[in-house]
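The values are calculated or read from the model by the stated rules, or taken from the named source; none is laboratory data. Predicted, not measured: the structure shown is a model, and the values here were computed from it. When we count neighbours, we look across all protein chains shown, and the Cβ atoms used for this are built from the backbone with ideal geometry, even at glycine.
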Amino acid sequence: MKYRTLAQPGRPMRMVCSALIGAGAMLAPLAGSMAPANAATAAPPHCYGKVATIWGDGGANSLRGTSGSDVIAGLGGNDRIAGNGGADIICGGEGNDTIRGGSGADLVAGNRGHDTINGDSGNDRLRGFGGNDRISGGAGGDVLHGGDSHDFGSGWGNDYLDGGTDRDVSYGTSGRDRLVVGRDGEFPDRMYGYNGDDYLDARDGKGNDLANGGAGKDRCTGDDGDQFPGCEIKPAR
């Protein structure tokens, strides 16, 4: 399984997971990679179309990146992954993973478990995919996508937070954040802008969402029935 990238006009880049697969038999580990003990017989997996330089073995692994830019694949198991320095690409794989991007502009995907993802510093792109995930952008201007289940997202810079499908809770902080609900509309979502001049978009066609702007001059939009406390600019009733 592998990842595809889809672009939509006027929307941030969207990463879609077809899955994480091992490379073909012709692929060998990269020179200098931190590979598992059976690297001589196992081809490295891919993460976002890149050959992994560090990867797990399907169990509960603890994987650490280098000071440079790494490609890390956790595969199965409940993994603990730290990217450390550099602009890393990290795929948690199956299992309930804990992932920290570290410094640098990282690209992180949790996949089909209940994952905890922290981008740390840098302008990161973080996605939970399936599972009930907890995603925090950390410092920097981050893009957070919740995925397909009940997700919790927070950002600390000028961030973009998309709860995805299902029932989600999104928090901005002191930056100028953009928070949007998923487009399924079936479940009530909660968005909190807190400080900063934020934009909260609750449009999902149902009118069962809460968009709380918090402090700052916030602009909110949504459907009839949505609630907009703390929003200075909101839809006319």
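Residues that are aliphatic (A, V, I, L, M) and within 20 Å of PHE187 (Cα to Cα) were ranked within segment 209-229; the one that is surrounded by the fewest Cβ atoms within 10 Å (Cβ to Cβ) is LEU210.
For GLY207, the criteria (1) at pLDDT 90 or above; (2) over 15 Å from TYR160 (Cα atoms) hold in every case but one, which is (1).
Against the numbered list (1) closer than 26 Å to ILE89 by Cβ; (2) out of contact with any Leu (no Cβ under 8 Å at 6 or more places or on another chain); (3) touching a residue at least 40 places away in the same chain (Cβ under 8 Å); (4) not aromatic (Phe, Trp, Tyr), ASP168 comes up short only at (3). A search for C-beta distances below 7 Å between a residue of segment 87-101 that is outside any loop (DSSP other than H, G, I, E, B) and any residue that is of a type in the set (S, T, N, Q), counting only pairs 6+ apart in sequence or on different chains, returns CYS91/ASN111; THR98/THR116; ARG100/ASN118. Scanning segment 64-86 for residues that are crowded, with 24+ Cβ neighbours inside 10 Å, without any contact (Cβ under 8 Å) to a residue 24 or more places away in the chain and in a strand (DSSP E or B) gives a single hit, ILE81.
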